[in-house]
Amino acid sequence: MGDTEPEKFEKSEKFEKFEYKILGPLEVVRDGRPVVVRAAKQRALLASLLVDANRVVPVDTLIARLWDEPPDGARNTLQNYVLRARRTLGGSARGPIRTCAQGYAIDVPEDALDLHRFDALVDAARAAETARTAERASALLGEALALWRGEPLSDVPSERLRQEVVPALNERRLSALELRTDADFRLGRHADVLPRLRELTAAHPLQERFWAQRMLALYRAGRQGEALDCYSTVRALLLDELGVDPGAELWRLHQQILTADPALAAPAPPDSPHGPRTEGNLPAETTTFVGREAMLRKTRKLLDGARLVTLTGPGGVGKTRLALRTAAEASWAYPHGAWLADLAPLTDPGLLDRVVADALGIPDQSLRPGTEVLVEHLRERRLLLVLDNCEHVAEAAAHLLGTLLCAAPGLRVLATSRQGLRVPGEYLLPVPPLAVPTDRGEPPTLERSEAVRLLADRAEACAPHFRITARNQEAVGRLCRRLDGIPLAIELAAVRLGTLSAQEILERLDDRFRLLSDTGAARTGRRHQRTLRGVVDWSHDLCDERERRLWAGVSVFSGGFDLAAAEAVCPGEDGPREDVVDVPREDVVDVLAALAHKSVLTVDTTGSRARYRMLETLRQYGQGRLGELGREVPLRRRHCAYYGDMAARAAARWCGPDEVAWLSRLRLETPNLRAALDFSVSGEGDAAAGLAIAANLTRTRYWFFSSSLGEGRLWLTRALDLAPEAPVPLRVGGLALAAWIALCQGDRPAAERFLAGAVRLGEGATDGETLGVLAYMEGAFAFLAHGDAAAVALLARARDRFRAAGLVGDAHMASMLWAMAAAFLGEREQALTAGREYVTEAAAHGAGWAHSWGLWGMGLAELRHGDPHRAVGLFRDSLRRQRGIGDRWGPVWGVETMAWAATATGDHAHAARLFGAAARLLRTTGVALGGLKPLHDAHVLAERLVREALGEGAYASAFAEGAGSREPVRLALGGR
């Protein structure tokens, strides 16, 4: 008998199949037949195990979920319920419920729980979006949402599950609905989603994201008036229910609808090369990708096996385009996306790690070296990094990649460079020119030629009447051979087919190429470079004088520019020059259009401002011409002055309705701001101008918003060292701002040194700005470094001085710190009054970023002196707004304070998860709580209370769950 029992058990296990459903009323199915679970406590027990399926649920957690007030002997009673549940489920002798050392677990096979299937389908949909297959993403999300049968666990009598689990499940459903609507938008189904969005806005009237989607759907369906009516409706709802105005996303969308912003136009179909991406930051293609099929396959195959593939070749051969197309096609294989870091604008190799971190969107506020930050971010991720234009920083790039590839096993790198990087394990793949037709020029050979296909494709845009015929096919073939199949040379030549025949272009190129007699294989690379130089020279000569001048002028920009920048920097002449024709300001737009028509510039008109860019090869050519004209230094000075004025205007308009737009604009202009700062600290620049730029960017909280505090401190200190004769108010402000950044980084010794320098320098000052700055920093130190109640009065004095000097943004930052100090160090009435005054001030200014912090400050006051439940709502609203505007600094503090609020409301398990999520954000950003005394003390107290309430085991388990969350902010907002 004993010998046959195991065999019977194996057969039972083999054929027994359970299914569980919790996305609605609880349902259990065994072998295709429903299992009736009548007892309320059994349903609560099964639900409690299923929401944490395949994980041990501690006994204390189960007891808390089964009883609001546990009876005496609850552990024994729980054991009894487990026994009954096993009998109810029946099946094998062992059954799916296991007894473990710390509690119980239910074993759920893959796909047996509807929640697991839902999550898997949503993950697959996200992967489909990454691969730009919106049709599949929409279908997968539809399948996922069909698993929902109503309110989750609606027949389960557990108040704890209703409070802890059900909101999180509903948040996941709403997130899936939001994703499906986005996918349907990409498919052009704007009218089809309107019924769904009407239901969602009715069921969730305070969810601003659904209102935004509804407004966009109406607008794209041609119903602009109804879209504007929606804004009025949601604005009234938010004012009545929460006493707040719509957030930045809704406000901005409202403005775009009012002005019929072209950016709101429906995107191209998903199978178009212009289709949008949702993972990584690869740019959309703006022209068709021609040929290179074999090279694409080879590059993809190499990436499958090699950690680093470097595409090499001369300028203009198409390395960047091949890398970007390869990355786009391979991106589906990388769960954490494909990312582009363009190194062309980089002039200082010492900033390489920061440029790469910025491209990856890594938030870091710490003192850690940039390489360490990158290692921390990449260590457990699987992503593809495209490192473009490495040749001028090859040594620094090799050192960085050597470190990253060793530390991050899931990292793949596709680099482009004119030479190899010499990194161990690097695979070099030379990129050849496009295949050209044979010198016999037979039609079949001509049609198969990649070079001819590219010529015909590019000519179609600028010379629509051009066709390859029997009469011109020989000349076309010779032209492509003469251009050595170099894509950039072919594109520049194709522009001329609108006014010249292929034969005429050949004749005009002959003079350029008479010296190109190198035909040996060893000289192939040199010949290609000389060929390209000849074509670029020829294209330059065919431009008129104004076009040549502007070509040289706009080469001073890094990472692109808009019309206003070109009009400000390029016209005019520093001193008379009879040999150079000027470009009047009013003609700049026409000359830019001419350069774009000649393929010297590319232009992107999808945003609110047209943005121009120049291929790096052509930009370097323009810089050479600029030097020959003797205009490089004067134009760099004007470039520096223009972006200095931009930073100053952003600082002056800080804490106003345009502050989020300014932050976004400054982030877009990061390469130009870096170039201006770099020039200002060079021998020919003005270090005082650089100090002003760095100071104004700090005053706008640009470094905080962009998570680049270390870079801000670097520029401030570098400029301070080189500008000892700068005006006293500017130096005092620079030192004080450096102290502020150091304090936020937790570097108290450096902060004290900077502040001491500012105080010494500001002795005897009488101007309101200097006095305000010193009072602000003294108050900040008293508050954050010492936890001294005197900080409240100091910060109030700083606010008054800033206001008297007309510095609205600085006064608001003083108000922010004043309200925080009052919440931590003041009495109840003072704290609540300060919180209300602060949030009212931010709302009155219509400042999106400031308003999000105002809500956070009011939440802090409520948490410490008022209603912790109200604090939760305020923190959550603040987090939503900050996530909506792309703030990388605020969510660090939002998640942390949400953990404090959960502690105060007795939601200890959720608090532990939030502490884990906050720890992940703090670690990722490098924020050091230890240097910020009041915040550190509050953290320690709340954490101790949660540990005592849960016990070390349960706390550690919940903390680990939060720390492992892929989206800490979403967890704080109610997701998982």
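Overview of results
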{"item": "Taking 215, 813 and counting other C-beta atoms within 10 Å, the order from fewest to most", "result": "813, 215"}
{"item": "Rg(Cα)/(2.2 N^0.38 Å) for the chain, N = residue count", "result": "1.05"}
{"item": "Rough spin-label spacing in nm, given labels placed 7 Å along Cα→Cβ, for residue 945 and residue 146", "result": "4.8 nm"}
{"item": "Sites matching GluC sites (Glu not before Pro) across the range 709-808 that sit in DSSP coil, with at most 11 neighbouring C-beta atoms within 10 Å", "result": "725, 763"}
{"item": "C-alpha long axis of helix 134-145 to longest principal axis of the chain, angle in °", "result": "0 degrees"}
{"item": "Within straight-line cross-link reach of residue 298, aspartates and glutamates at Cα separation under 17 Å, skipping those fewer than 8 residues along the same chain", "result": "329, 426, 450"}
{"item": "Angle in degrees between helix 248-258 and the longest Cα principal axis of the chain, rounded to the nearest 10", "result": "50 degrees"}
{"item": "Straight-distance crosslink candidates among lysines, where the alpha carbon sits under 27 Å from residue 17 and sequence neighbours closer than 8 are dropped", "result": "8, 41"}
{"item": "Gain upon complete extension [residue 239, residue 298; 0.36 nm per residue less C-alpha separation]", "result": "15.4 nm"}
{"item": "Loop sites in the range 104-159: GluC sites (Glu not before Pro), DSSP, at most 15 other Cβ within 10 Å", "result": "110"}
{"item": "The chain, relative contact order in percent, only Cα pairs under 8 angstrom and at least six apart counted", "result": "8 percent"}
{"item": "Computed lengthening from residue 786 to residue 507, 0.36 nm per intervening residue step minus Cα-Cα distance", "result": "92.5 nm"}
{"item": "FRET efficiency, 1/(1 + (r/R0)^6) with R0 51 Å, evaluated for residue 840 and residue 544 via beta carbons", "result": "0.30"}
{"item": "Expected 222 nm ellipticity per residue - DSSP helices of 4 or more, -39500 (n - 2.57), all of the chain, to 500", "result": "-19000 deg cm²/dmol"}
{"item": "Net charge of neighbours whose Cβ lies under 11 Å from the Cβ of residue 593, counting Lys and Arg as +1 and Asp and Glu as -1", "result": "-2"}
{"item": "The range 829-882 versus the range 670-709: alpha-carbon centroid distance in Å", "result": "31 Å"}
{"item": "Net charge of Cβ neighbours under 13 Å - reference residue 159; Lys, Arg +1; Asp, Glu -1", "result": "-1"}
{"item": "Acute angle (nearest 10 degrees) that the helix 524-542 long axis makes with the longest principal axis of the chain, alpha-carbon atoms", "result": "80 degrees"}
{"item": "Ascending count of other beta-carbon atoms within 10 Å, so fewest first, for 29, 166, 36, 317", "result": "36, 29, 166, 317"}
{"item": "Charge dipole magnitude, Cβ of K and R +1, D and E -1 - the range 41-159, Cα centre, debye nearest 20", "result": "500 debye"}
{"item": "Where trypsin sites (Lys or Arg not before Pro) fall in DSSP loop in the range 747-821, at most 13 other Cβ within 10 Å", "result": "none"}
{"item": "Linear extension gain, residue 202 paired with residue 368, 0.36 nm per residue minus alpha-carbon span", "result": "55.0 nm"}
{"item": "Straight-distance crosslink candidates among aspartates and glutamates, where the alpha carbon sits under 16 Å from residue 21 and sequence neighbours closer than 8 are dropped", "result": "31, 52, 107, 110, 111, 114, 119, 143, 151, 155"}
{"item": "For the range 696-791, with +1 on Lys and Arg beta carbons and -1 on Asp and Glu, the positive-most of 773, 704, 724 along the dipole", "result": "704"}
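Read-outs throughout are calculated quantities, based only on the coordinates presented, and are distinct from any laboratory measurement. Everything numeric in this text was worked out from a predicted model, so none of it was measured. For neighbour counting, all protein chains shown are included, and Cβ atoms are generated from backbone atoms with ideal geometry for every residue, glycine included.
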